[in-house]
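Visitor: This is the structure, below, for whatever I ask next.
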Ligand SMILES: Nc1ncnc2c1ncn2[C@@H]1O[C@H](COP(=O)(O)OP(=O)(O)OP(=O)(O)O)[C@@H](O)[C@H]1O
Ligand SMILES: [Mg+2]
């Protein structure tokens, strides 16, 4: 569904991604693991186009979409949940969801009601301003906001970061439910344990380069890679 | 000085403040959503007044003429805004503010020449229909009838703007784009079209202000200068991008001006500026919350 080939990205003069290649098949949950500053967020931002690729190709559903504007990529079916949530603080929860809603290509898709099934707390806070929610609630709202856009591929940037252990487990459970509902997910995480619990395959990125990829079982067995690139 | 004269003067000031509010609400909205300090906003106000004059003169009959002018002139101005936005401004949003100020300043000079070419340098005026001439009085206070009408126009625009930004999808998107346009794009929304609409709404308000003020003033070249300075000051004291701030700023401006006329006529113009300085010394970011 998603193929990234030889992707390079830079912020002004500083070159941060080097020849990054990865693929995500329809229905998979793939995680992108790496330490602080490894290049996880930049990879996701280059895919959704907010950091336009300096070189390389991005293909989505077989179509070359390199360099397209983010709103066009979103309309093609890519949803993006940034690590810093970027909830519209002045808008209510309901408004945050309403402006993001777009009907599913086929079938019922994710409606507001269905999203409340995953995150009941949002229903109770419908009239509250986004800026008045707690950090965890904002994370849920960011995910809910992406879902009501009915993406086929969801790019999740550290959804588990900063959450209390109980919430981490709950949210990991929700990601599995999304997968069961047919969503394809590319998950950038530092929380290796939780990420490996939900993913089918993993890529390991360090210093802007992909260092390893394989199944979750392989990575769990590979102490060498985990020690070199994932331990802080 | 008797109290009812003061109260009448206050009402005139309030009605003048309503024009200031309508114009600066447009400026503030554009500033908030697009982050563009639109220097030619005053020119659009002037064009609104001239177009209103042309429509009223063409219609002949005063009541019909004024009604048509107020309905259509702002639309003409909005169209001018749309053309400038689509052809030029839309390519410049990424530039820094100085660039945007210089660009919109350039457009102001061009529009000024266009007005000179089309309408010449003569003074024009619109005669209000008989029903709106003379004084209205209520509770022992006298107020020119047309000013009474203006008093109603301000709240109507305020409510309409609130409904637009809070009760329509595109207005809600505009509020979101004011804060984080990139994230709005990521949701699959073409921000460029939202910006075009927001800009057109701002221009419409400038044109509406011009059309509404036309029957109370002599329509002439140069009427853009005063209003643009006043509108920028109002937006600054109110809080950038805050519509209610524009309302508060306009009231402060209009009322200090009219009270100044009563207490010290020779220096009346100084009062609103003095009020501005005092407000900015006390609250440099404006009275209400700025979206910047
Ligand atoms: N806006 C920016 N401007 C300049 N450099 C940046 C910017 N954002 C990130 N970088 C740099 O790019 C590199 C990769 O950053 P990135 O945010 O992609 O890492 P990450 O893996 O997501 O890290 P984290 O776990 O901290 O989120 C880092 O060296 C970072 O300092
Ligand atoms: Mg990151």
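The values are calculated or read from the model by the stated rules, or taken from the named source; none is laboratory data. A quick note: this is a predicted structure, and the numbers were derived from the prediction, not measured. Here the Cβ is made from the backbone with ideal geometry for all residues, glycine too, and neighbour counts use every protein chain on show.
Visitor: Against the condition more than 22 Å from residue A:109 (Cα to Cα), in contact with a helix residue (DSSP H, G or I) (Cβ under 8 Å, 6 or more places away or on another chain) and either crowded, with 19+ Cβ neighbours inside 10 Å or within 14 Å of chain B (Cβ to nearest Cβ) (or both), how does residue A:16 come out, does it pass?
Guide: Values: more than 22 Å from residue A:109 (Cα to Cα): yes; in contact with a helix residue (DSSP H, G or I) (Cβ under 8 Å, 6 or more places away or on another chain): yes; either crowded, with 19+ Cβ neighbours inside 10 Å or within 14 Å of chain B (Cβ to nearest Cβ) (or both): yes.
Yes; evaluated as a whole, the condition is true for this residue.
Visitor: Follow-up question, since we're still on this one. I'd like to check something: does region A:52-75 contain any residue that is within 16 Å of ligand 2 (Cβ to nearest atom), at pLDDT 95 or above, more than 21 Å from residue A:229 (Cβ to Cβ) and in a loop (DSSP other than H, G, I, E, B)? Please lay out each step first, then the result.
Guide: Here is the first cut: in region A:52-75, the residues within 16 Å of ligand 2 (Cβ to nearest atom) are none.
No, because not a single residue in region A:52-75 is within 16 Å of ligand 2 (Cβ to nearest atom), at pLDDT 95 or above, more than 21 Å from residue A:229 (Cβ to Cβ) and in a loop (DSSP other than H, G, I, E, B).
Visitor: Here are some residues: B:250, B:192, B:258. Which one is part of a helix (DSSP H, G or I), within 14 Å of chain A (Cβ to nearest Cβ) and touching a residue at least 60 places away in the same chain (Cβ under 8 Å)? Explain how you work it out, then say what you get.
Guide: Numbers: B:250 fails: within 14 Å of chain A (Cβ to nearest Cβ); B:258 fails: within 14 Å of chain A (Cβ to nearest Cβ).
Sole residue among the options that is part of a helix (DSSP H, G or I), within 14 Å of chain A (Cβ to nearest Cβ) and touching a residue at least 60 places away in the same chain (Cβ under 8 Å): B:192.
Visitor: Filter region A:35-49 for residues that are in a loop (DSSP other than H, G, I, E, B) and within 14 Å of the chain's Cα centre (by Cα); which is nearest to ligand 2 (Cβ to nearest atom)? Don't jump to the end; show me each part of the working.
Guide: Here is the first cut: in region A:35-49, the ones in a loop (DSSP other than H, G, I, E, B) are A:35-39, A:49.
This time we only want the ones that are within 14 Å of the chain's Cα centre (by Cα), so: A:39, A:49.
On the way: A:39: 8, A:49: 17 Å.
Ranking the qualifying residues of region A:35-49, first place goes to A:39.
Visitor: Of all residues in region B:159-178, how many are in a helix (DSSP H, G or I) and either free of Cβ contacts under 8 Å to residues at least 60 places away in the same chain or surrounded by fewer than 20 Cβ atoms within 10 Å (Cβ to Cβ) (or both)? Before the answer, list the steps.
Guide: Going residue by residue through region B:159-178, those that are in a helix (DSSP H, G or I) are B:159-167, B:169-178.
Subset that is either free of Cβ contacts under 8 Å to residues at least 60 places away in the same chain or surrounded by fewer than 20 Cβ atoms within 10 Å (Cβ to Cβ) (or both): B:159-160, B:162-164, B:166-167, B:169-173, B:176.
So the answer is 13.
Visitor: Moving to a separate point now. Would you check if residue B:228 is away from chain A (no Cβ under 14 Å) and either out of contact with any helix residue (DSSP H, G or I) (no Cβ under 8 Å at 6 or more places or on another chain) or farther than 28 Å from residue B:129 by Cα (or both)?
Guide: Numbers: away from chain A (no Cβ under 14 Å): yes; either out of contact with any helix residue (DSSP H, G or I) (no Cβ under 8 Å at 6 or more places or on another chain) or farther than 28 Å from residue B:129 by Cα (or both): yes.
Yes: the conditions hold for residue B:228.
Visitor: Taking region A:76-89 as the search range and keeping residues that are within 16 Å of ligand 2 (Cβ to nearest atom) and at the interface with chain B (Cβ under 7 Å from one of its Cβ atoms), which one is modelled with the lowest pLDDT? Write out each step before concluding.
Guide: Applying the first criterion (within 16 Å of ligand 2 (Cβ to nearest atom)) to region A:76-89 yields A:80-86.
Subsequent filtering for residues that are at the interface with chain B (Cβ under 7 Å from one of its Cβ atoms) retains A:80, A:86.
Working: A:80: 97, A:86: 94.
Going through the qualifying residues, I end up with A:86.
Visitor: Kindly indicate which of A:93, A:29 is touching a strand residue (DSSP E or B) at 6+ places or on another chain (Cβ under 6 Å), away from ligand 1 (no atom under 14 Å from the Cβ) and farther than 20 Å from residue A:207 by Cα.
Guide: Details: A:93 fails: touching a strand residue (DSSP E or B) at 6+ places or on another chain (Cβ under 6 Å).
Exactly one residue qualifies, and that residue is A:29.
Visitor: Follow-up. Look at residue A:10 and say whether it is over 17 Å from residue A:195 (Cα atoms), within 10 Å of ligand 1 (Cβ to nearest atom) and over 17 Å from the mean Cα position of the chain (by Cα).
Guide: Taking the combined requirement at face value, the residue satisfies it.
Visitor: Here's a follow-up. Of the conditions (1) farther than 16 Å from residue B:224 by Cα; (2) part of a helix (DSSP H, G or I), residue B:36 satisfies every one except a single condition; which number is it?
Guide: The single condition residue B:36 does not satisfy is (2).
Visitor: On to the next question. Is it true that residue A:72 is away from ligand 1 (no atom under 16 Å from the Cβ), free of Cβ contacts under 8 Å to residues at least 24 places away in the same chain and over 30 Å from residue B:290 (Cβ atoms)?
Guide: Yes: the conditions hold for residue A:72.
Visitor: How do the pairs read when you match residues in region A:134-152 that are under 17 Å from residue A:176 (Cβ atoms) with residues anywhere that are part of a helix (DSSP H, G or I), using Cβ under 7 Å and keeping only pairs 6 or more apart or on different chains?
Guide: These pairs meet every condition: A:140/A:121; A:140/A:122; A:144/A:97; A:144/A:115; A:144/A:122; A:147/A:115.
Visitor: While we're on this one: Having 3 or more residues that are within 22 Å of residue A:86 (Cβ to Cβ), away from ligand 2 (no atom under 16 Å from the Cβ) and away from chain B (no Cβ under 14 Å) is the bar; report the helices (runs of 4 or more DSSP H) wholly within region A:123-212 that clear it.
Guide: Working: elements: A:135-147, A:165-180, A:192-198.
So the answer is A:135-147, A:165-180.
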